[in-house]
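Please treat every number below as a calculation from the coordinates, not as lab data. Because the structure is a prediction, the values reported are computed rather than measured. A quick note on method: Cβ atoms are made from the backbone with ideal geometry, for glycine too, and the neighbour counts reach across all protein chains shown.
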RNA sequence: GCCGGAGUGGCGCAGUGGUAGCGCAACCGCCUUGUAAGCGGUAGGUCGUCGGUUCGAACCCGACCUCCGGCUCCA
């Protein structure tokens with residue numbers, strides 16, 4: 001028998017021909033697959049001369065993906081056993097889990113998940129092996145004659161498969177077609193699926209999984225295609241890891257801004273107003289006002305001029321700007337009055353253009369920077385509105401810089417630095433940038449190729465200069481120009497699109513904007529759109545989730561609650577509160593007839609940054625006792641010191 | 001917009017055909033207390049809306065509204 005030379009985990013070895021990756025990687029049960037060269041392989045992979053083999057552990061990123069993909073197969077098998085008419089879509093691993101799509105006559109009910117879960121447990125216990133087999137296109141077509149969606153995927157095989165549909169590459173890669181058979185202990189075939197692999201050795205290697213939810217999803221991601229029933233699940237390398245994941249989900253749910261908005265009495269969404277329309281209660285109003293005040297001040301410091309524009313306009317304006325043909329669907333339908341159609345504005349730029357155009361402009365005025373809190377209304381589809389992060393009425397902190405073309409690059413760099421600094425002031429400091437460009441094939445974009453190229457290059461350079469990661473978003477530009485968007489990661493790692501900076505050479509042409517240059521000639525400015533928060537509503541929602549409702553003192557609706565040990569101490573605390581109030585601190589004294597412990601509980605649940613307690617001991621010393629949100633306490637602090645500590649934390653915008 | 005789930009006092013929930021109940025919050029009273037719920041009492045709901053089935057509907061059926069989970073979309 002001939003021998004092969006291979007490398008295992010970096011060291012060279014000689015093995016007999018026909019040896020599998022699993023055999024050289026040993027008995028470790030946590031090794032569920034092999035990396036051979038750049039490819040992930042089953043442990044059953046038969047080694048070839050020169051192969052470099054490394055183990056893939058189940059708790060590695062690749063290992064979890066393989067686990068989840070295999071669990072998706074088990075789920076599909078269970079579904080087809082319980083619902084024989086179910087036809088298979090695709091079933092890839094995704095972040096934290098997997099899904100599989102099915103075409104079924106009756107949509108799944110949440111209760112069905114329990115049945116499917118039970119059958120899956122049996123399959124896992126059975127220890128079916130995943131067995132790979134290469135097939136020709138024709139063989140695959142014959143074997144999968146009853147699976148129309150799989151047949152369609154076979155047709156897609158090849159280099160295009162990877163982008164053909166989200167997840168389709170998990171079924172068919174660029175190479176040969178393979179089918180994975182699930183074989184029972186006696187070697188009989190339990191189930192099979194067209195799949196690229198690799199997979200776990202057996203279903204027994206699935207330590208922990210849970211089916212999460214059912215939903216509909218369009219076949220291959222297109223609204224024009226039929227909807228399939230998608231079942232989402234999660235799978236982990238251990239029961240503990242699964243438990244932790246479920247715990248993280250529960251924690252994330254606790255910081256849901258919709259829930260906290262009600263609990264902390266910040267805002268609500270009255271049915272009477274309609275979908276996607278929020279009202280801010282007094283406490284939410286405080287946070288919103290602090291945000292607005294700070295952002296307005298910073299804009300003015302950065303050379304912006306604060307302006308104001310109305311909420312509605314005759315339609316001509318949106319024709320001039322070029323928006324109407326593209327966005328009529330997302331604008332509220334017009335009101336017909338006095339022979340004209342009036343639209344609620346969905347964007348502020350056209351109105352700022354009118355301010356620019358209201359008189360002749362000199363090159364000496366540029367960059368001319370206009371800023372406002374502009375209320376815009378967008379008729380978002382009914383299924384997409386979501387709390388404060390996707391609304392139908394919102395306030396943009398919208399600004400437009402009108403610059404000479406040669407000033408554009410500097411202005412954009414300046415804006416980017418401004419935006420990032422502002423987000424940091426609000427406690428967000430983990431960013432990456434996205435560069436949205438034109439898709440040459442699409443009709444949606446206006447302007448010449450050269451203009452797009454110049455604009456894109458300027459944005460790209462400015463973005464690169466920041467040193468942050470830059471992700472390409474081809475086709476994501478606005479119709480009038482490319483944009484940089486700032487994506488911020490919140491406290492639990494989710495990313496949110498916040499600020500955008502857009503380069504626009506089209507609207508200045510549409511509005512015939514001009515300035516007079518030093519040589520007396522008339523020149524066309526470039527306008528640069530920028531929103532720092534994106535919208536106040538969304539940003540507030542993101543902040544609520546980022547801080548889990550525990551705002552830093554400068555943003556907290558109530559910064560200090562005074563808690564008397566008994567009623568006798570109320571006047572003393574009222575005096576302390578007055579001194580804080582003099583310094584601009586938002587303070588309340590809890591004079592309810594609850595007991596002190598209950599008052600602490602109430603303030604704690606309201607996530608008030610500072611509780612100041614006072615009893616006989618404190619009164620005697622002219623002191624107060626701190627209780628912080630963490631539960632930590634500091635007793636007998638002289639009132640003057642306590643006031644200073646609080647005032648300083650607010651002024652420094654620190655979190656406590 | 002599409003598919004599924006769901007709407008019961010301010011909030012969280014129970015109540016599957018015989019004219020609504022609990023906890024918290026609110027209000028009133030007692031208690032006067034040192035770091036997360038003291039005790040007692042009172043009030044509050046045409047059960048999302050409209051229509052239908054039935055002797056009778058929170059409960060069954062239909063339409064609409066709103067929310068939730070996804071998909072698609074997101075200037």
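Can you tell me what share of the DSSP beta bridges in chain A is antiparallel? A percent to the nearest 5 is fine.
85
At a 10 angstrom cut-off on C-beta neighbours, averaged per residue, how do the peptides A:626-636, A:489-499 rank from highest to lowest?
Descending packing order for the listed peptides: A:489-499, A:626-636.
Can you tell me the relative contact order of chain A? Whole percent, Cα pairs under 8 Å, sequence separation 6 or more. Present the calculation step by step, with values, prior to reporting the outcome.
On the way: 1281 pairs, mean separation 56.7, N = 656.
RCO, chain A: 9 percent.
Compactness ratio of chain A: Cα Rg over 2.2 N^0.38 Å, N = residue count?
This ratio for chain A stands at 1.19.
Specify the inter-centroid distance of the stretch A:482-540 and the stretch A:591-656, based on alpha-carbon positions, in whole Å.
44
For a quick protection proxy, order the peptides A:66-77, A:39-50 by their average other-Cβ count within 10 Å, most packed first.
Ranked by mean Cβ neighbours within 10 Å, highest first: A:66-77, A:39-50.
In the stretch A:431-572, what % of DSSP beta bridges are antiparallel (nearest 5)?
Values: 20 of 25 bridges.
So the antiparallel bridges in the stretch A:431-572 amount to around 80 percent.
State the Cα centre-to-centre distance between the stretch A:324-350 and the stretch A:232-266 in whole Å.
Spelled out, the Cα-based centre of one part sits 40 Å from the other.
If I model the stretch A:381-517 as equal point scatterers sitting on the Cα atoms and use the Debye formula, what is log10 I(q)/I(0) at q = 0.10, 0.11 Å⁻¹?
Debye output, listed in q order: -0.37, -0.45.
Using the alpha-carbon centroid of each, what span in Å lies between the stretch A:455-477 and the stretch A:295-320?
Between the Cα centres of the stretch A:455-477 and the stretch A:295-320 lies a distance of 26 Å.
What is the fewest-to-most order of A:136, A:105, A:399 by other Cβ atoms lying within 10 Å of their Cβ? It would help to have the intermediate numbers written out before the result.
Values: A:136 10, A:105 7, A:399 28.
The fewest-first ordering by Cβ neighbours comes to A:105, A:136, A:399.
Which semi-axes, in whole Å and largest first, does the equivalent ellipsoid of the stretch A:613-656 have when worked out from the alpha carbon gyration tensor as the square roots of 5 times its eigenvalues?
The three semi-axes for the stretch A:613-656 are 21, 13, 5 Å.
What ranking do A:90-98, A:279-287 get when scored by the average of other Cβ atoms within 10 Å per residue, highest first? Intermediate results must be reported in sequence, preceding the final value.
On the way: A:90-98: 20.4, A:279-287: 16.4.
Descending mean neighbour count gives A:90-98, A:279-287.
Per 5 Å bin from zero, what fraction in whole % of the C-alpha pairs of the stretch A:526-637 is there, up to the bin with the longest pair?
Percent of Cα pairs in each bin: 2, 11, 19, 21, 16, 9, 7, 5, 4, 2, 2, 1, 1, 0.
Among DSSP beta bridges lying fully in the stretch A:298-387, give the percent that are antiparallel, nearest 5. Walk me through the intermediate numbers first.
On the way: 6 of 8 bridges.
Counting DSSP beta bridges with both partners in the stretch A:298-387, the antiparallel share is about 75 percent.
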